[in-house]
Every structure is written in C-alpha cells, then in structure tokens.
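The values are calculated or read from the model by the stated rules, or taken from the named source; none is laboratory data. As the structure is a computational prediction, the values presented were derived from the model and not from experiment. Note that we place each Cβ from the backbone using ideal geometry, even for glycine, and neighbour counts take in every protein chain shown. Keep in mind that these areas ignore ligands, DNA and RNA; they rest on the heavy atoms of the full protein, side chains included. Shrake-Rupley method; radii C 1.70, N 1.55, O 1.52, S 1.80 Å.
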There are 2 protein chains.
Amino acid sequence: MSDTYGIAELAREFDVTTRTIRFYEDKGLLAPLRKGQRRVYASRDRVRLRLIMRGKRLGFSLDEIRQLIDLYDVDPSEVTQLRHFLDKIHEHKEILIGQQKDIAETLAEMERIEAQCSSLLSEKQKKRQTAN
Amino acid sequence: MSDTYGIAELAREFDVTTRTIRFYEDKGLLAPLRKGQRRVYASRDRVRLRLIMRGKRLGFSLDEIRQLIDLYDVDPSEVTQLRHFLDKIHEHKEILIGQQKDIAETLAEMERIEAQCSSLLSEKQKKRQTAN
DNA sequence: CGCCCTCTTTACGTTTACGTCAACGTCAGG
DNA sequence: CCTGACGTTGACGTAAACGTAAAGAGGGCG
C-alpha cells in the first residue's frame with residue numbers, strides 16, 4: 001500500500017478526468033499536499049473523493065457536498081460548534097430520509113408497471129404460439 | 001375538483017416559477033392544452049409535474065426524467081417496444097437500488113458520527129455541572 | 001373606455017460543473 | 001541530449017436549468 005496517489009491514478013480509479021479532480025480542489029473539496037508543484041494525494045483525500053462521488057450520485061451540488069464532508073473534519077472542542085454540527089447532521093438526515101421515500105415510491109411504481117407489462121408480453125407470446 | 005389548472009396555480013402548488021413550468025414544456029416534459037393562447041393543464045399534466053419534482057429530488061437530469069415519464073405513456077402494442085421498455089425499467093431500477101445503498105451507507109455514517117458527537121456533548125455538559 | 005392583472009413570447013443573463021486547448025515544467029529512458 | 005509521458009497553471013468554451021427583463025395580447029370591471 002503506497003498510501004499516496006498521483007492525480008492520474010485517482011482519476012483512473014474513480015473514472016473522472018484530472019481536470020475534474022483539480023476542479024474539486026478549486027472548489028475547496030480537496031486539499032492535497034504538494035511535492036514541489038505536483039499534487040500528492042493521501043488516503044484521506046481518497047476517502048474524501050469517494051464521499052464526493054457518492055454525494056454526486058445522490059444529486060447533491062458540489063457546494064452541499066463540501067459542507068457535508070467538512071462535517072467529518074469538525075474540531076469537537078467547542079460546544080457551540082458541536083450543536084451546530086448536530087443540526088447540520090439532522091438536516092441532512094431529513095433530506096436523505098425524504099429521498100429514501102421517493103425511491104421507495106418510484107421503485108414500487110416501476111415494479112407495478114413492470115409486472116403489468118410482463119404479463120402483457122407473455123400473453124402476446126402465447127398468441128404467437130397458438131398462431132403457429 | 002376543477003380538473004384543469006392555470007400555470008400560476010400549478011406554480012404555487014409545486015413551489016416553482018411559471019418560467020420553470022414553461023421551460024419543462026420547451027424540453028418536452030409537459031404538453032398542456034391551449035385555450036386560445038393560454039395553457040390549460042389537466043390532472044394528467046399535474047401528475048407528470050409531480051413525477052418531475054420527484055425525479056429532481058433524486059438528482060436526475062430533465063432529460064433522464066423525460067425518458068422516465070415517457071415510459072408511463074408507452075403504447076403496449078408492439079412487442080419490440082415492450083422489451084425495450086422493460087429494459088429501460090430494469091436499468092432505472094438498478095440506479096435506484098444503487099442510490100438506496102448510497103443513502104443507507106451515508107445515514108449509517110451520519111448516525112455513527114451523531115452518536116459520538118452527542119456523547120461528547122453530554123460529557124461536556126456534565127463537566128459544566130460539576131464545575132458549578 | 002381605460003386600467004389592471006394575468007398570461008404570452010422572445011431574448012439575453014447566470015450559475016454549476018466541468019471540457020478543451022495552450023504553453024510550459026520535470027523527470028526517466030534510450 | 002532528446003523524446004515522451006505526465007503534470008502544472010491559466011483561459012476560454014459549453015451544456016443544463018433556470019432567472020429576468022421587455023413588450024405585447026386579452027379579459028374583467030368600475
């Protein structure tokens with residue numbers, strides 16, 4: 001385990017372009033070390049990138065994603081921050097639970113239509129059989 | 001039940017602007033009747049709008065959403081279309097199931113952090129108590 | 001009739017999330 | 001030393017999803 005990664009390496013692994021990774025850095029989502037001019041990514045950065053991709057799959061904006069993964073780095077020394085942090089977590093949980101509901105509904109509909117459609121298809125197949 | 005709606009009416013109900021609704025029409029997501037120049041939306045259009053909003057909450061592009069809600073209007077006469085239709089459904093189900101997984105993982109993490117953070121907070125509260 | 005209000009089209013502006021050069025640095029291998 | 005692969009910083013381009021402003025149509029009502 002090398003524990004550090006080049007930009008191209010990460011790009012391959014997550015199937016994005018290097019441009020994309022640099023863009024995320026511009027937006028404050030990543031902050032790799034530098035070896036001279038070159039970016040050197042630690043496993044911590046890789047985790048963040050994984051979180052970013054997951055956030056994107058769930059339809060969150062890069063800005064929202066940044067706020068979220070920043071939560072993982074909150075310093076738990078100040079009580080006020082802790083409260084605010086818990087609020088943020090709760091807020092996001094609400095959204096996720098809403099999405100769960102949306103997905104469940106959609107899946108239910110899909111399966112209803114699917115079943116209806118399958119039976120229609122097998123019916124047509126039968127007709128073909130008897131037509132022979 | 002009036003069974004028909006004006007554009008502003010729908011805009012209020014779904015908390016979007018009329019511009020947005022017209023935009024969806026431009027993109028082929030809606031096709032209301034016209035009374036003279038004015039748009040008249042039937043309950044069918046309202047259902048479609050609801051589907052659009054749900055799709056957006058799940059992070060799908062308008063293009064993907066259009067493909068999906070068009071599925072609800074497929075003519076089940078041609079077998080080839082039926083097969084293709086079932087493929088589309090299956091494809092989308094895969095995505096939704098992937099999202100379910102993403103959400104479950106994220107929720108799990110959130111709750112882990114939340115718990116950790118809550119205990120930290122109550123600990124601090126105790127210190128305050130004893131400090132009095 | 002005149003005014004107001006809603007709706008219409010047209011068109012240009014904006015933000016997000018990158019793509020696409022261009023021009024240059026750097027380092028290993030032949 | 002030269003090449004080629006990989007990396008760097010700008011800078012400009014672009015597609016999606018609307019926002020916004022302009023200018024006009026049409027209808028109800030005092």
Evaluate the distance, in nm, between pseudo-label points positioned 7 Å from the Cα of B:Lys124 and of A:His90 along their respective Cα→Cβ axes.
1.5
Put the label 7 Å from Cα along Cα→Cβ for A:Leu62; what are its distances to the other copies, in nanometres, shortest first?
2.2
Seen from all sides and averaged, what is the projected area of the convex hull of the Cα atoms in the protein assembly as shown, in nm²?
24.2
If one computes the Cα centroid of the range A:33-47 and of the range A:65-132, what distance in Å separates the two points?
33
Which value, in square angstrom to the nearest 100, describes the accessible area buried between chains B and A on both sides, using a 1.4 angstrom probe?
4000
Could you calculate the FRET efficiency of A:Thr4 with A:Arg50 from 1/(1 + (r/R0)^6), where r is the beta carbon distance between them and R0 is 25 Å, rounded to 0.05?
0.95
Peptide A:56-64: average number of partner chain Cβ atoms within 10 Å per residue?
3
Could you work out how far apart the two model spin labels at A:Glu78 and A:Gln37 are, taking each label as a point 7 Å from the Cα in the direction of the beta carbon, and quote it in nm?
3.8
Treating the point 7 Å from Cα along Cα-beta-carbon as the label, what are the nm separations from A:Thr80 to the other copies, to one decimal?
6.8
If r is the Cβ-Cβ distance from A:Ala104 to B:Arg12 and R0 is 30 Å, what FRET efficiency results, to the nearest 0.05?
0.65
Linear extension gain, A:Glu64 paired with A:Arg19, 0.36 nm per residue minus alpha-carbon span:
14.2 nm
Can you send over the carbon and sulfur percentage of the accessible area for the range B:1-61, probe radius 1.4 Å, protein chains only?
50
What's the average, rounded to a whole number, of partner chain beta-carbon atoms within 10 Å of each residue's beta-carbon in B:96-105?
5
Chain B residue with Cβ closest to the axis mapping B onto A, distance in whole Å:
B:Gly59, 1
Would you calculate a helix-derived [θ] at 222 nm for the protein assembly as shown, using -39,500 (n - 2.57) for each DSSP H run of n ≥ 4 and dividing by the full residue count, to the nearest 500?
-24500 deg cm²/dmol
I need the inter-copy label distances for A:Glu114: point set 7 Å along Cα to C-beta, values in nm with one decimal, smallest first.
3.0
